Amino acid sequence: MTRPSRMFSVAPSLPPPLLPLRELAYNLWWTWDEEAADLFRRLAPDLWETAAQNPALMLGTISQKRLEEAANDKGFLAHMEHICTRFDEYMGGKQTWYKTIHSAAGEICIAYFSAEFGLTGYLPIYSGGLGILAGDHLKSASDLGLPLVGVGLLYQQGYFRQYINRSGQQGELYPSNDLYHMPIQVQRREDGTPLTIHLVYTGRQVTAQVWRVQVGHVPLFLLDTNLPTNSREGRHITKRLYGGDLDMRIRQEMMLGIGGIRALDSRGILPMVCHMNEGHAAFAALERIRILMARCNLSFAEARELVSSSSIFTTHTSVPAGIDLFPPKLVDKYFGDYYPLLGLSRDEFLALGRQNPKDKNEPFCMAILALRLADQANGVSKMHGEVSRRLWRNIWPGLLEDEVPITSVTNGIHLRSWISGDTIAPLFDRYLGDRWHKESSDPGVWQRINDIPDEELWRAHEQCRECLVVLARQRLRAQLERQGAATSEIGMVNEVLNPESLTIGFARRFAEYKRPALILRDSESLRRILTNPDRPVQVIFAGKASPDDKHGKELIRQVVCFARREGLRRQIVFIEDYDMTVAHYLVHGVDVWLNTPRRPLEACGTSGMKAAANGGLNLSVLDGWWPEAYQPGIGWAIGCSEEYEEPDHQDEVESQAIYHLLEKEIIPLFYHRDDGLPREWIRRMKAAMQAICPIFNSDRMVGEYCERFYIPAAERYQHLAARGMARWADSP
Ligand SMILES: *Cc1c(COP(=O)(O)O)cnc(C)c1O
């Protein structure tokens, strides 16, 4: 893996009047501000589409002539002026929620660590829900004005890109990211040199360069080891997200946690509060302890108290297989020299990551390390809180299950990033005013959805469904052409899907417990439902399987082959390469969002919230977030939270429940029209938006983290520090 040979893009130089565009292009704020996006679109509409709506790429490739034209176009300059004023106002952050409510909290700094961040489609350093949640967290932290910084890794190749071959098999591609056309910038020291940090791996030093992504006010620092001065092994540490073996995984997690703290430290930031998003980041707590011990002359126990009291750990999984476990030998290999820096013996160190500290064979678990070093721990829905208390109860042998100190903060979505900017957001702007994003957690704001005329909401939604159908056809055509399909087959593509049919979406990681093929179980019932000429129904699937998950890949093959059956090709489509772009089309355009996890394994799920915010109705097992949101009239529940002994029996009962709901309730409701409109369906769309938007949004979520964890943690930290817990000379 080498760096792109072109170290500097041959960026056309911006005429002076257009200089503000550069700052706008390199701040992701524009991605959730429709008017700012329009400015870039206006600059070069055709290029906007071909440059994947990436202004950084656009400014790097646009013709000098077009720039000169824009620089002399009064209309354009006025538009830009207007956006810049709004941007400056936003960046000034004078009246944020945090400033208003927590002005007394004093100077604090919160660091948010995550192995992945899903901020925008063309910054592909995420794989799925965990990353998107982290991205939405940063965006809301910016909107609310929190003093927060993000820390992550800049992967040369990101997560894999999926393609499906003729026989329905998933293949993986790893194109390299074009760093010089991504909205990232080299972080520099005061003297202008690039900021780097160092980490020693088994005696060999690896250097990482620090990049910066600006997310509104919030900086996200990303570490990149792909430097010519590093060994091949060193360069590969940030090659792929979740790529490689355990050896690679521990190296990456060292870079994220330890390297991340060093990167902040070298910027003069020693965070008062650390939030570890999933166990990947847990080494950050160790490095904070090490630094406090070294600088302030604290014992391990003292430094640990300070660090634990100000650390937050969020767990996102209910599936033990999803948790990193390192064999003790591997930990020795990489941390043998680190144990003494913490004043710990090998056994004492390894005990931090073990359920039973005395069990010498137990592997080292990152989630346990995080639980032991963070006094605040939470799951991501109420149900997941319960599941996590049960899963981890052995770490607190003296406590009853409901005393286990793991609480929950239910996930939410960044509404402005997920609501269709072309159709639904303008309706909200018109009928709800800007309070729908400035005070999104106030249910009163959402009551005004009743003021949106049924026709307008329905027209907006139908437009989204049509865009989804167009995308599905485009992707299908590209796939068939690539596979060398016959012209006749490619010609059929325009008959696939119907922009007016009831559209069901299922998009998520293809893993056994999510049961993507559940709806296919009784193929004759499904065929009957989909091909009813009076009330046709269609299903659009998307999702990747982990490259090493044979079972997940087999599920993809089943779905793809099912979609090729005679008489079903027009009703079932699998869209390749599920990512944020595909997700946008899907959650905007579906009528029904299907979710079929095997209860209680879904930690939360956020895609159903995205669909609901755009007027989609959820049809879901009562798992994850859905039991908190569900009420009759805003969507449907599959089953009523029964427990099953026999998975096969469960699948049978629950698939039949889906067919039954579809035939008896959902389809009749959708196709029942008064004056051409499905009035009762629209009533439910509105009821779902009103019930779901004010609660399941990331402003509410980040606000909750702030009030329940960040502020109390900062206070504890300040209190402990002020008590002069210590002989430390000056505060860190
Ligand atoms: C929202 C989102 C997810 C997470 O959704 P789940 O409901 O947890 O499956 C995953 N991938 C993409 C691309 C998303 O946009």
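The values are calculated or read from the model by the stated rules, or taken from the named source; none is laboratory data. Values in this document were obtained by computation on a predicted structure and should not be read as measured data. Reconstructed Cβ throughout: ideal geometry from the backbone, glycine too, with neighbour counts over all protein chains shown. Accessible surface areas use protein heavy atoms only, side chains included; no ligands, DNA or RNA. Shrake-Rupley method; radii C 1.70, N 1.55, O 1.52, S 1.80 Å.
I need the P(r) histogram for region 421-696: all alpha carbon pairs, bin width 5 Å from 0 out to the longest distance, whole percents.
Pairs per bin, as whole percents: 1, 6, 13, 17, 19, 17, 13, 8, 5, 2, 0, 0.
Return one number: the angle in degrees, 0 to 90 and rounded to the nearest 10, between the long axis of the Cα atoms of helix 711-722 and the longest principal axis of the Cα atoms of the chain.
Taking Cα atoms only, the helix is inclined about 0 degrees.
I'd like the FRET efficiency for Ser641 and Arg708, computed as 1/(1 + (r/R0)^6) with the beta carbon distance as r and R0 of 22 Å, rounded to 0.05. All intermediate terms of the calculation are to be shown ahead of the outcome.
Numbers: r = 27 Å, r/R0 = 1.22.
With R0 = 22 Å, the Cβ-Cβ based efficiency is 0.25.
Go from 0 up to the bin containing the longest alpha carbon distance in region 173-253, width 10 Å each, and give me the % of pairs per bin.
All Cα pairs, binned at 10 Å, distribute as 16, 46, 32, 6 percent.
Let me check I have the definition right: for region 38-139, take the eigenvalues of the Cα gyration tensor, multiply each by 5, take square roots. What are those semi-axes in whole Å, largest first? Write down the numbers at each step before the final one.
Working: eigenvalues 211, 103, 17 Å².
Calculated on Cα positions only, the semi-axes equal 32, 23, 9 Å.
Contour minus end-to-end for Tyr659 and Arg482, with contour as 0.36 nm per residue of separation and end-to-end as the Cα-Cα distance?
Numbers: separation 177, 0.36 × 177 = 63.72 nm, distance 3.50 nm.
Computed gain between Tyr659 and Arg482 is 60.2 nm.
Asn277: net charge of surrounding residues, Cβ under 13 Å, Lys/Arg +1, Asp/Glu -1, itself excluded?
Values: positive: none; negative: Glu116, Asp136, Glu253, Glu278.
Local charge sum for Asn277: -4.
Nearest 5 percent is fine: what portion of the DSSP beta bridges confined to the chain is antiparallel?
Working: 24 of 68 bridges.
Roughly 35 percent of the beta bridges in the chain run antiparallel, per DSSP.
What is the sum of charges around Arg86, taking Lys and Arg as +1, Asp and Glu as -1, for the other residues whose C-beta is under 9 Å from the C-beta of Arg86?
Charge balance in the 9 Å sphere: -4.
Determine ³J(HN,Hα), in whole Hz, for all residues of region 652-662 in sequence, where each value follows from phi through the Karplus function 6.51 cos²θ - 1.76 cosθ + 1.60 and θ = phi - 60°; x replaces Gly and Pro.
Computed from phi, the couplings for region 652-662 are 4, 4, 6, 5, 4, 4, 5, 4, 4, 4, 4 Hz.
Considering all alpha-carbon pairs of region 377-510, what whole percent are spaced by more than 21 angstrom? Please list the in-between numbers first.
Details: 5883 of 8911 pairs.
Considering region 377-510, 66 percent of its Cα-Cα pairs are separated by more than 21 Å.
Would you mind checking the pairs Lys239/Lys438; Lys94/Lys544; Lys239/Lys514 and listing those with alpha carbons more than 31 angstrom apart? Could you put the intermediate results ahead of the total?
Working: Lys239/Lys438 38 Å; Lys94/Lys544 42 Å; Lys239/Lys514 29 Å.
Check vs 31 Å cut-off fails for Lys239/Lys438; Lys94/Lys544.
Using modelled backbone amide H atoms (1.01 Å from N, in-plane), which distant-in-sequence or interchain residues come within less than 5 Å of Val149's amide H?
HN-HN under 5 Å from Val149: Ile110, Ala111, Tyr112.
Measuring with a 1.4 Å probe in the full set of protein chains, what accessible area per residue, in whole Å², belongs to the chain? It would help to have the intermediate numbers written out before the result.
Details: 28400 Å² over 732 residues.
Here the residues of the chain average 39 Å² of exposed surface.
Along the positive direction of the dipole of region 16-92 (beta-carbon charges: Lys, Arg +1; Asp, Glu -1; about the Cα centre), which of Ile83, Gln64, Ala52 reaches farthest?
Gln64
Only four residue types carry charge here, +1 at the Cβ of Lys and Arg and -1 at the Cβ of Asp and Glu. Report the dipole size of region 421-696 about the Cα centre in Debye, rounded to the nearest 20.
On the way: 35 positive and 43 negative charges, 127 e Å.
So the magnitude is around 620 debye.
Taking the Cα atoms of region 301-347 alone, what are Rg (to one decimal) and Dmax (as a whole number) in Å?
Expressed in Å, the Cα Rg and Dmax of region 301-347 come to 14.1, 34.
What trypsin sites (Lys or Arg not before Pro) in region 285-367 are in a loop by DSSP, with at most 14 other Cβ atoms within 10 Å of the Cβ?
Working: sites: Arg288, Arg290, Arg295, Arg304, Lys329, Lys333, Arg346, Arg354, Lys358, Lys360; in loops: Arg354, Lys358, Lys360.
Those satisfying the criteria are Lys358, Lys360.
Suppose every K and R has +1 on its Cβ and every D and E has -1 on its Cβ; what is the size of the dipole of region 263-358 about the Cα centre, in Debye to the nearest 20? Kindly include the intermediate steps, with their values, before the conclusion.
Numbers: 10 positive and 10 negative charges, 16 e Å.
That gives a dipole near 80 debye.
Can you find, among His649, Ile666, Ser698, the residue sitting farthest towards the positive end of the charge dipole of region 638-732, where Lys and Arg contribute +1 and Asp and Glu -1 at Cβ?
My answer, from the dipole projection, is Ser698.
Once every DSSP H run of n ≥ 4 in the chain is given -39500 (n - 2.57) and the sum is divided by its residues, what mean residue ellipticity at 222 nm do you get, rounded to the nearest 500 deg cm²/dmol? Show your work: numbers first, answer last.
Numbers: 33 runs with 305 residues, N = 732.
Estimated from H runs of four or more residues: -12000 deg cm²/dmol.
Send over the Kirkwood Rh of region 97-231, from the inverse of the averaged 1/r over different Cα pairs, rounded to one decimal Å. Write out the running numbers ahead of the final one.
Values: mean 1/r = 0.0596 Å⁻¹.
One decimal place: 16.8 Å for the Kirkwood radius.
Report, to the nearest whole %, how much of the accessible area of region 404-530 belongs to carbon and sulfur atoms, 1.4 Å probe, protein only.
Working: 2330 of 5100 Å².
Of all accessible area on region 404-530, carbon and sulfur atoms account for 46 percent.
With N set to the number of residues, divide the alpha-carbon radius of gyration of region 301-380 by 2.2 N^0.38 Å and report two decimals.
Numbers: Rg = 13.0 Å, N = 80, 2.2 N^0.38 = 11.6 Å.
Taking the Cα Rg and dividing by 2.2 N^0.38 Å, one obtains 1.11.
What does the charge add up to near Asn595, with Lys and Arg as +1, Asp and Glu as -1, over the other residues with Cβ less than 13 Å from its Cβ? Please report the intermediate quantities before stating the final value.
Values: positive: Arg508, Arg509, Lys514, Arg515, Arg598, Arg599, Lys610; negative: Glu602, Asp623, Glu654.
Once all neighbours under 13 Å are counted, the net charge is +4.
For region 349-420, which semi-axes, largest first and in whole Å, follow from the square roots of 5 times the eigenvalues of its Cα gyration tensor? Working shown, then result.
Values: eigenvalues 172, 45, 16 Å².
Each semi-axis is the square root of five times an eigenvalue, giving 29, 15, 9 Å.
Quick one: dipole size for the chain, taken about the Cα centre, charges +1 on Lys/Arg Cβ and -1 on Asp/Glu Cβ, in debye to the nearest 20.
Numbers: 82 positive and 91 negative charges, 351 e Å.
Taking the Cα centre of the chain as origin, the dipole is about 1680 debye.
May I ask for log10 I(q)/I(0) of region 16-92 at q = 0.12, 0.13, 0.21 Å⁻¹, from a Debye sum over the Cα atoms as equal point scatterers with solvent left out?
Debye curve over Cα of region 16-92, log10 I(q)/I(0) at q = 0.12, 0.13, 0.21 Å⁻¹: -0.28, -0.34, -0.92.
Applying a 10 Å radius around every beta-carbon, put 464-472, 65-73 in order of their mean neighbour count, most first. Let's see the in-between values first.
Numbers: 464-472: 20.1, 65-73: 14.8.
Put in order of decreasing packing, that is 464-472, 65-73.
On full extension of the chain, what length is gained from Glu49 through Asp675, given 0.36 nm per residue of separation minus the C-alpha to C-alpha distance?
Numbers: separation 626, 0.36 × 626 = 225.36 nm, distance 3.73 nm.
The Glu49-Asp675 span can extend by a further 221.6 nm.
Give the span of the chain's Cα atoms along each principal axis, as three whole-Å numbers ordered largest to smallest.
79, 72, 53
How much length is gained if the chain between Asn297 and His82 is pulled fully straight, taking 0.36 nm per residue apart and subtracting their Cα-Cα distance, in nm to one decimal? Mind dumping the intermediate values first?
Values: separation 215, 0.36 × 215 = 77.40 nm, distance 5.30 nm.
Contour length minus Cα-Cα distance gives 72.1 nm.
Find which of Tyr201, Ala507, Tyr242 sits farthest along the positive direction of the dipole of the chain, computed with +1 on the beta-carbon of Lys and Arg, -1 on that of Asp and Glu, about the Cα centre.
Tyr201
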